[in-house]
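The values are calculated or read from the model by the stated rules, or taken from the named source; none is laboratory data. Keep in mind the model is a prediction, meaning the values are calculated, not measured. No Cβ is skipped: glycine too gets one built from the backbone with ideal geometry, and neighbour counts run over all protein chains shown.
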Amino acid sequence: MHRKIFTKRLNKIDAEHRLSILIGRLTFFPCFKDDHKVQVLKINDEERNAWPFQMIISKRSCGKIVMLGAWLQFVRSKQLQSGFKVQLSWKKM
């Protein structure tokens with residue numbers, strides 16, 4: 001059974017640079033310690049390919065988590081563009 005974490009319609013920055021999501025979704029992600037503002041999260045796509053995304057609590061983007069790392073490779077491989085929707089779900093293994 002899948003549990004939806006978030007769905008987002010990509011904007012130009014999401015599709016060309018990085019994905020940003022509201023920090024309120026942080027409860028679904030690995031624990032961020034006070035001195036560690038970066039976590040690597042391996043996310044599987046629908047074909048079960050693993051994508052190592054870097055999750056960063058951005059000091060500049062108040063109230064947001066930014067995903068980098070393999071994010072742009074993922075966007076390009078899926079041919080995602082501004083206006084497309086992405087959904088992140090959690091499945092207990």
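Here is a yes/no grid of residues against (1) surrounded by 12 or more Cβ atoms within 10 Å (Cβ to Cβ); (2) more than 15 Å from the chain's Cα centre (by Cα); (3) modelled with pLDDT of 85 or more; (4) among the hydrophobic types (A, V, I, L, M, F, W, C):
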{"site": "ILE65", "(1), (2), (3), (4)": "yes, no, no, yes"}
{"site": "VAL75", "(1), (2), (3), (4)": "yes, no, yes, yes"}
{"site": "PHE84", "(1), (2), (3), (4)": "yes, no, yes, yes"}
{"site": "SER89", "(1), (2), (3), (4)": "yes, no, no, no"}
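Being at pLDDT below 85 and part of a strand (DSSP E or B) narrows it down to one residue among LYS4, LYS59; which is it? None of the other options fit; the residue is LYS4.
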